[in-house]
Structure formats: structure tokens, C-alpha cells
Amino acid sequence: MADIKTTKDALEWIEQRQKAAEKQTDQVAAQTPVQMFLPGLEEAMRALPNHINRSSLFAPIARGRRKFHRQYAMVGRADIVISYTGEQLDEADADLMLQLLFDARKHPLGQAIPFNRAALLRAMGRNVGKHDYEWLHRRMKALTEGTIFIEAKRSDGSSKYKIGHTKAFHILADFEYNADTESYCFTLDPRWVIMFDNREYALLDWNKRLQISAGQDLAKALQRLFATSNESPQRYNLAWLKDKMQYTGRTRDFIAALDRACQELKRLEIVATWKVERSTKGKDQLTVKIAR
């Protein structure tokens, strides 16, 4: 500190030290295998971090050619910044990620985890055959190629943590496929633990998720979103929700799709009631009462 002569010099010195510390923490965390303990994650449950479920990283997009994002700012809450590079991910990708995280619960993250592809597909409620095997291989590649930067913020606006700022964070750190034995191994970045810390994750009823009807990906996305809060009713700004779901059609069509999705969730006793109404600020919102 003897060389620091002005307040400006002192602030610059402190900022440099903070950046150096963040860089070291991010890189060390990325290279240190760690066990992930998630209370409540039982056989019939699956889990994803709340910040992921509240963002548009996984979305109920229409079938067809996917967009490729490059350092794209995903829709989310004000307390999180998620920048993503990779192919747009859908709810089937979310299912895959939910199952991989579940399978990783007994292994240190950062080390290769073997799995049987047929068993994994069956656990996801999918068929076992050439079509699904090819789908699995494509999506494992997409998750490995997908890179995200995350910064979580405290209520005062200061940074709570940064992931991927100094060392790339891939949704899947790596995967290997042995064609001779038809076996897979995958590796998860140890920094996943940071996103799950302080129980900032949603537990999903896996059996109910598997019962959601085909073509009801919006219902799947809403299940993930509603699970991030214990409040009932829950209220979501309609314009924000439309952006989060990456819905590009007319608002009235989105409202109709929401109604169909909530009917599906009511059938499975996830949602009790719902309605689109005006908020106290005069904005359209979805108000949902969760089934207990």
C-alpha cells in the first residue's frame, strides 16, 4: 500500500485485487472435484437451480430448426445475468439435464460418470431404439457445446457469485461415447454446486412430469417455474412470461396456450386455479394457485 498515493490509485488497486481473487476462485472451483448433496432429492424427484428454471435457457420452443445464440442474454429475473452461447435448448433438453444431475448425485462432480444409455432413456420415459439413441447423442453434444456465463446479484446490486467469467462453463463439461461397448461417460463442472448452494433449487415431482401429455412442453416449463417458489398464489407479468417461454406468436394465442398448459397441470394436481388478470400496476399477469 506504500506505493498507492491517491484515492483513485487505492480504488484501482482494490478492484485489481478483487478481479484477481474472482479469477482464482472461479478457476480453482472449476478444477476441484466436489460432492453435491441436495436434501430432498429422492428417487421420485429431480432438481434444477432456481436461476435456471426462472430463465429462458430451457424453453418450450416449437419443433424445427433451432436458433443458435452467441453470448445471448437469456430472459430471467433482475437478480441474475445469464449469457449463453449455443443451440437453443428445449424442454426435452431440460429433462435430460434433470436426469443427468440426478444420476450424478452419488459421484464427485468433476470426475467422469458412467451411464447406460438405455437405462437413462427409460428413466426419462423415452423409447429405446435407434431414433432415441441418435437423439441422445445429438443432445449430449449440444449440452457439451453450450457455454454459459452466470452472475448472481444480491439485493443491493453487488455480485453474489460469477461462474464462467474467467474459465468457460459448459452445461456438460465433457462426454465420451464408446461405440464398441455402446457406453457413455459424462462429466459435470464442479461449479454446478455453487448454483445449488443455500437450497436455491426446485424439486420437481418426476412421476408427474413424465405424465405430462405429449405436445405440452409449456406445461413442463411452467412446472419448473412454479416449483421455484413456495408461495401461493404466484403472479407473473404476462409480457415477461411470454419472453421467458420464447413465445413469438400473438399474445392472445399465448394466453390460450397458457390456459391449455394450466389445465394439464391441474389434471396432474400441480395447479389448483389460474387466471390472467390486471395487476395493481395495470399490467396483464398470470395468477396461479398451487395445488397442495
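The values are calculated or read from the model by the stated rules, or taken from the named source; none is laboratory data. Keep in mind that this is a model prediction, so the values were computed, not measured. So basically every Cβ, Gly included, is an ideal-geometry build from the backbone, and we count neighbours across all protein chains shown. For the accessible areas, the whole protein counts, side chains as well, though only heavy atoms, and no ligand, DNA or RNA atoms are used. Shrake-Rupley method; radii C 1.70, N 1.55, O 1.52, S 1.80 Å.
A62 - would you say it is more than 20 Å from Y236 (Cα to Cα), touching a Lys or Arg at 6+ places or on another chain (Cβ under 7 Å) and either modelled with pLDDT of 90 or more or not in a strand (DSSP E or B) (or both)? Walk me through it before giving the result.
Working: more than 20 Å from Y236 (Cα to Cα): yes; touching a Lys or Arg at 6+ places or on another chain (Cβ under 7 Å): no; either modelled with pLDDT of 90 or more or not in a strand (DSSP E or B) (or both): yes.
The answer is no for A62.
Would you be able to tell me the number of residues in segment 93-145 that are open to solvent by less than 10 Å² (accessible area, probe 1.4 Å) and in contact with a Cys (Cβ under 8 Å, 6 or more places away or on another chain)?
1
Where in segment 173-257 are the helices (runs of 4 or more DSSP H), entirely inside, with at least 2 residues that are over 30 Å from G282 (Cα atoms) and open to solvent by less than 60 Å² (accessible area, probe 1.4 Å)?
Details: elements: 192-196, 206-211, 217-226, 238-244.
In segment 173-257, the matching helices (runs of 4 or more DSSP H) lie at 192-196, 206-211.
Can you list residue pairs whose Cβ atoms sit under 7 Å apart, with the first residue in segment 236-259 being in contact (Cβ under 8 Å) with a residue 12 or more places away in the chain and the second being among the charged types (D, E, K, R)? Count only pairs 6 or more apart in sequence or on different chains.
What qualifies is N237/K283; L238/D284; T251/K242; F254/K242.
Go through segment 39-95 and count every residue that is under 29 Å from E134 (Cβ atoms), hydroxyl-bearing (S, T, Y) and touching a strand residue (DSSP E or B) at 6+ places or on another chain (Cβ under 7 Å).
Summing the residues that are under 29 Å from E134 (Cβ atoms), hydroxyl-bearing (S, T, Y) and touching a strand residue (DSSP E or B) at 6+ places or on another chain (Cβ under 7 Å) in segment 39-95 gives 4.
Of the conditions (1) open to solvent by 60 Å² or more (accessible area, probe 1.4 Å); (2) within 26 Å of K160 (Cβ to Cβ); (3) among the charged types (D, E, K, R), R65 fails just one. Which one is it?
(2)
Tell me the residue from F102, F149 that is in contact (Cβ under 8 Å) with a residue 24 or more places away in the chain, of a type in the set (F, W, Y) and not in a helix (DSSP H, G or I), please. Please lay out each step first, then the result.
On the way: F102 fails: not in a helix (DSSP H, G or I).
Checking each option against the conditions leaves just F149.
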